[in-house]
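Structure first, commentary second.
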Amino acid sequence: FPGAGGGNDIQWCFSQVKGAVDDDVAEADIISTVEFNHSGELLATGDKGGRVVIFQQEQENKTQSHSRGEYNVYSTFQSHEPEFDYLKSLEIEEKINKIRWLPQKNAAQFLLSTNDKTIKLWKISERDKRPEGYNLKEEDGRYRDPTTVTTLRVPVFRPMDLMVEASPRRIFANAHTYHINSISINSDYETYLSADDLRINLWHLEITDRSFNIVDIKPANMEELTEVITAAEFHPNSCNTFVYSSSKGTIRLCDMRAAALCDRHSKLFEEPEDPSNRSFFSEIISSISDVKFSHSGRYMMTRDYLSVKIWDLNMENRPVETYQVHEYLRSKLCSLYENDCIFDKFECCWNGTDIVMTGSYNNFFRMFDRNTKRDITLEASRENNKPRTVLKPRKVCASGKRKKDEISVDSLDFNKKILHTAWHPKENIIAVATTNNLYIFQDKMN
Amino acid sequence: MFVRGLKRKCFDGEEDIEGTLAGIKAIPSYNLQRQSLLDMSLVKLQLCHMLVEPNLCRSVLIANTVRQIQEEMTQDGTWQMINTQSTGQASLDRLISTDILCRSSREQAEGKHVPGYGTFNKDFEGDQAQDSSETMSTASSVQGPRNLQSNVWEMENPQENKGTFQKSLDQIFETLENKSPNSVEDLFSEVDNSYYDLDTMLTGMMSNTKMGHCDGLETFSSTTTTASNSNCKSDLNELDHIVEILVES
């Protein structure tokens, strides 16, 4: 990665922002997931209204060598519709919880998108040619009278305006009683897992009428329920290994070769509690909201309410690194519990091995460089929207005298939260979602 | 040294308390905070009951917090104190809320049938009060005579109450499983008007309803973010929508 680990700090510049400008946010436009595909050429977002919008990066312009291609809308489609469960008298939200891309095998692109209950495999394909010169049909599709056909010709493909079509190829339904929080594609590219609050299922991409239940933590007596599954992911290289995190701050690594039902973990990652920091909120803030493997698979990162932790898969008893995202909130936990912000689920992402990124409040997001141990806070705001202007680092003043340009904790806007971020798999391009806008930042190219 | 005449909110006269005057001042404030946290958590759980699709993770975390508080309060003896105290509407409301949780989950477990459409009008006072009282009485007659195992006003045995509370907490998740709007009906039928006020305050719908004694809860409702208020409102809109569907069919 250019700039990473080489002692050169990345200088982030604003590149683009997508979405409505108004402060009045339509609920359906709230972005609920962001994901680059494996090449980074495509960037998908899902929203609360059940729609998926895919952006495509322009091919690099040779004359504009100082910036990478811009992302423009490539395809928009309605992935999930609201449904009604008549048995329980409950509405099933159409909000897209996660999108995961499949690696590209042919001309078409495939992605999995899921709401609370149903996962769908979408095929996105391009059509830029159409056949013309049929013998039996007119150009507009009407059939010709066969008796008027006097000569025969071979239909040919002629170019047409590019059309991008999205079609649902598989629908994986009726396998989850509880709300799906994660999907993860296996490194075999044939199977994937879906996790809800209490169970994890294994699917084959070709088979929709059955799935295997591989984890079940539902107690026989629901009265005894004290812990739920919060996230799950397959190991990037070992197709038999996956991890899942819990609301009690633990991560379990499971090996599917050990047993059909992976209720017994192979490894349990848990950091002992710090007694000096104990409060009634300790458990809530220890709940893990996201877990992500590094590209190599040697490390995994977890996000809880106040911190990001890096774990070495070979060491279960504590993380190798802990980064504080917004420690100044520790003294505000009661208010954050009152207004429910303490239950916000922040995601996190890697740039590979060296730098991790996660969101915070006030439209701030944070990056931690594992090598230099430096961190930076940046803001996603339309005020900094000049391309190629380097973003100014932000600082929150926890207590005491507020310096110029610092913002005090009490001035933070807790309605402006960055829950979803994504890092391009190959370049220093990041996508950061505020409530209803998608920001794209790039590193400064000289 | 314990200073005579100094009122301590949650402790009996016999409780021995060490420490300086500062210590004495600190302890009631901690208890107050803890109590307000407990109240807040119970309110959140009740709202969970009223929401169409409760978030299981959030419910579990809140319930665990309530258990923690309850354990600590049991250990230092304040839990018993609260139950035997009869001062103030605030404690009674707390008792009501826990008993309502007991009642609703108990009845949920018994699987009583209540017509679904009756539930949705109960939140609104004024012009809809008539409808709600009609539907509530209809609902009650369908259910038959209720067999309340404990009268909410009689707090004979604090120990039993503790047990009931624990049980009700445990049963919350059963109700989450059997989630239906019926539980809302169960929560609020056969209560007197003062509880009606508590209910409307909880839903944040009636901003002019004042509960002077429930300062902690009031603060909660007034500082609730627009997000959760709109959740209530949008949920009620959804409920209206559902009512339409059911009434049409």
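The values are calculated or read from the model by the stated rules, or taken from the named source; none is laboratory data. Since we're looking at a predicted model, the values are computed, not measured. Here the Cβ is made from the backbone with ideal geometry for all residues, glycine too, and neighbour counts use every protein chain on show.
Key figures
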quantity: Residues satisfying the stated conditions in the stretch A:163-174, i.e. closer than 20 Å to A:ASP116 by Cβ and surrounded by fewer than 20 Cβ atoms within 10 Å (Cβ to Cβ); calculated: A:PRO168, A:ARG170, A:ILE171, A:ALA173, A:ASN174
quantity: Of residues in the stretch A:9-32 being polar (S, T, N, Q) and in contact with a Leu (Cβ under 9 Å, 6 or more places away or on another chain), the one surrounded by the most Cβ atoms within 10 Å (Cβ to Cβ); calculated: A:SER32
quantity: Residues located in the stretch B:42-57, provided they are at pLDDT below 95 and in a helix (DSSP H, G or I); calculated: B:LEU42, B:VAL43, B:LYS44, B:LEU45, B:GLN46, B:LEU47, B:CYS48, B:HIS49, B:MET50, B:LEU56
quantity: Test: residue in the stretch A:87-100 that is loosely packed, with under 13 Cβ neighbours inside 10 Å and part of a strand (DSSP E or B); calculated: no
quantity: Single residue of A:PRO131, A:PRO146, A:PRO103 found to be more than 14 Å from chain B (Cβ to nearest Cβ) and under 19 Å from A:PHE234 (Cα atoms); calculated: A:PRO103
quantity: Residues that are among the small types (Gly, Ala, Ser) and out of contact with any Ser or Thr (no Cβ under 8 Å at 6 or more places or on another chain), drawn from the stretch A:206-231; calculated: A:ALA220
quantity: Residue match in the stretch A:416-436 (condition: touching a residue at least 24 places away in the same chain (Cβ under 8 Å), more than 30 Å from A:ILE183 (Cα to Cα), assigned to a loop (DSSP other than H, G, I, E, B) and of a type in the set (Ser, Thr, Tyr)); calculated: no
quantity: Strands (runs of 3 or more DSSP E) wholly inside the stretch A:218-317 containing at least 3 residues that are touching a His at 6+ places or on another chain (Cβ under 8 Å); calculated: A:241-246, A:251-255
quantity: Residue list for the stretch A:132-163, restricted to those being touching a Lys or Arg at 6+ places or on another chain (Cβ under 8 Å) and in a strand (DSSP E or B); calculated: A:GLU132, A:LYS137, A:TYR143, A:PHE157, A:ARG158, A:PRO159, A:MET160, A:LEU162, A:MET163
quantity: Set A:GLU70, A:GLU81, A:GLU94: member being away from chain B (no Cβ under 14 Å) and in contact (Cβ under 8 Å) with a residue 40 or more places away in the chain; calculated: A:GLU70
quantity: Scope the stretch A:324-343; condition away from chain B (no Cβ under 14 Å), surrounded by fewer than 20 Cβ atoms within 10 Å (Cβ to Cβ) and part of a helix (DSSP H, G or I); matching residues; calculated: A:GLU327, A:TYR328, A:ARG330
quantity: Pair list, Cβ < 9 Å and 6+ apart or interchain, from the stretch A:127-140 residues that are touching a residue at least 24 places away in the same chain (Cβ under 8 Å) to residues that are among the aromatic types (Phe, Trp, Tyr) and not in a loop (DSSP other than H, G, I, E, B); calculated: A:LYS129/A:PHE157; A:ARG130/A:PHE157; A:PRO131/A:PHE157; A:GLU132/A:PHE157
quantity: Residue within the stretch A:311-322 that is under 30 Å from B:GLN33 (Cβ atoms) and either among the charged types (D, E, K, R) or out of contact with any helix residue (DSSP H, G or I) (no Cβ under 6 Å at 6 or more places or on another chain) (or both) present; calculated: yes
quantity: Of all residues making up the stretch A:177-197, the number that are assigned to a loop (DSSP other than H, G, I, E, B), under 14 Å from A:LEU112 (Cβ atoms) and touching a residue at least 40 places away in the same chain (Cβ under 8 Å); calculated: 2
quantity: Residue satisfying all of: in the stretch A:106-123; touching a residue at least 12 places away in the same chain (Cβ under 8 Å) and assigned to a loop (DSSP other than H, G, I, E, B); surrounded by the fewest Cβ atoms within 10 Å (Cβ to Cβ) among these; calculated: A:ALA107
quantity: Residues located in the stretch A:251-269, provided they are modelled with pLDDT of 95 or more and crowded, with 18+ Cβ neighbours inside 10 Å; calculated: A:ILE251, A:ARG252, A:LEU253, A:CYS254, A:PHE269
quantity: Filtered residue count, the stretch A:344-376, keeping only those that are outside any loop (DSSP other than H, G, I, E, B), away from chain B (no Cβ under 14 Å) and either free of Cβ contacts under 8 Å to residues at least 12 places away in the same chain or not acidic (Asp, Glu) (or both); calculated: 14
quantity: Positions within the stretch A:198-217 being in contact with a Phe, Trp or Tyr (Cβ under 8 Å, 6 or more places away or on another chain), within 14 Å of chain B (Cβ to nearest Cβ) and assigned to a loop (DSSP other than H, G, I, E, B), in sequence order; calculated: A:LEU198
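Rundown of residues vs (1) in contact (Cβ under 8 Å) with a residue 40 or more places away in the chain; (2) within 14 Å of chain B (Cβ to nearest Cβ); (3) more than 18 Å from A:LYS345 (Cα to Cα), yes/no style:
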{"site": "A:ALA232", "(1), (2), (3)": "yes, yes, no"}
{"site": "A:CYS239", "(1), (2), (3)": "yes, no, yes"}
{"site": "A:SER245", "(1), (2), (3)": "yes, yes, no"}
{"site": "A:LYS248", "(1), (2), (3)": "no, yes, no"}
{"site": "A:GLU270", "(1), (2), (3)": "yes, no, yes"}
{"site": "A:SER276", "(1), (2), (3)": "no, no, yes"}
{"site": "A:ASP290", "(1), (2), (3)": "yes, yes, no"}
{"site": "A:GLY297", "(1), (2), (3)": "yes, no, yes"}
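Yes/no per residue for (1) crowded, with 22+ Cβ neighbours inside 10 Å; (2) under 20 Å from the mean Cα position of the chain (by Cα):
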{"residue": "A:TRP350", "(1), (2)": "no, yes"}
{"residue": "A:ASP354", "(1), (2)": "no, yes"}
{"residue": "A:MET357", "(1), (2)": "yes, yes"}
{"residue": "A:SER360", "(1), (2)": "yes, yes"}
{"residue": "A:ASN363", "(1), (2)": "yes, yes"}
{"residue": "A:ARG366", "(1), (2)": "yes, yes"}
{"residue": "A:THR372", "(1), (2)": "no, no"}
{"residue": "A:ALA380", "(1), (2)": "yes, yes"}
{"residue": "A:ASN385", "(1), (2)": "no, no"}
